[in-house]
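The values are calculated or read from the model by the stated rules, or taken from the named source; none is laboratory data. None of the values given here were measured: they were computed from a predicted structure. With ideal geometry, Cβ positions are generated from the backbone for all residues, glycine too; neighbour counts draw on all protein chains shown.
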């Protein structure tokens, strides 16, 4: 929203509408507006879990929110009124690290992964009855992240600390191995996976080194492209860096990566390795496997939690911190999410 927010809000309240002022346009203008980002504030505290909350995910239409926790439960919220709609035990044996809705009509389908390495699917009625809860597959080490896409609602990709990416088709009885990421014959523990928003055969993974690897699912012998912030010959290349999260922007032309005990870097997927577009400073990423995300319909902003308990927003092009707000009273903010994040 390039102009002032207040006149646009008043026009909407008074019922002013036209093709040039549709609800969708208004929503996108607000969502990508610096004024609105700077005015974000706490709406509700959703309190139901008995342990740390590790993941958040919105239902495809934004009406519901799922949260996964160390208490081995997943809670589905009607976030607009701050109410817990249902809560179920996942049958994971250790911390639930991520939970996501699948884009399937009818019952709620929620897929989850855990420190126990399992990837599980739960099918629930909207009244809260658990109709199905089964294991889709398992990694030999912790599984931190999952990737799903609307046009392939039955298929989930998972990345584990065993260095393996698995493809789980909920219509089948066991997963397929997509790739085993190794360096010099040794597995690279993976912390993150994300799928290209437009090219559904493309995905990126990252983990216990400084490289983001981009694969074509049709040919996974080796990554067809990589991103990292330093040239391998540079003195400032630090081999202790690893990537806790890497995500695509709205059209897949950029990848955002958060590095442990370091900064957040933005890459152009078409640039050579060792080059980056922007660097975002100010937060702390050391205590957890911390996520990072774009914010805005055209990925205008960067958002991340921090070890200090705050949530940071940066303007993408200027690298300026435009919002810093409390996210947790006594702990670390590990995950931030908006309902337009596709995977």
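Among the residues making up the stretch 284-300, a single one is crowded, with 24+ Cβ neighbours inside 10 Å and either free of Cβ contacts under 8 Å to residues at least 12 places away in the same chain or over 15 Å from the mean Cα position of the chain (by Cα) (or both): 285. Among the residues here, residue 103 does not qualify as farther than 18 Å from residue 218 by Cβ, buried (at least 21 other Cβ atoms within 10 Å of the Cβ) and under 21 Å from the mean Cα position of the chain (by Cα). Which of the residues that make up the stretch 133-150 are over 23 Å from residue 223 (Cβ atoms) and modelled with pLDDT under 95? Of everything in the stretch 133-150, just one residue is over 23 Å from residue 223 (Cβ atoms) and modelled with pLDDT under 95, namely 150. Among the criteria (1) touching a strand residue (DSSP E or B) at 6+ places or on another chain (Cβ under 6 Å); (2) within 18 Å of residue 229 (Cα to Cα); (3) modelled with pLDDT of 95 or more, the one residue 315 does not fulfil is (2). Among the residues making up the stretch 198-221, a single one is surrounded by fewer than 19 Cβ atoms within 10 Å (Cβ to Cβ), under 16 Å from residue 146 (Cβ atoms) and either touching a strand residue (DSSP E or B) at 6+ places or on another chain (Cβ under 7 Å) or not assigned by TED's automatic domain parsing to the domain that holds residue 293 (or both): 217. Sub-6 Å Cβ pairs linking a first residue in the stretch 185-202 that is without any contact (Cβ under 8 Å) to a residue 40 or more places away in the chain to a second residue that is buried (at least 20 other Cβ atoms within 10 Å of the Cβ) and assigned to a strand (DSSP E or B), at least 6 apart or interchain, are 188/207, ordered by first then second residue.
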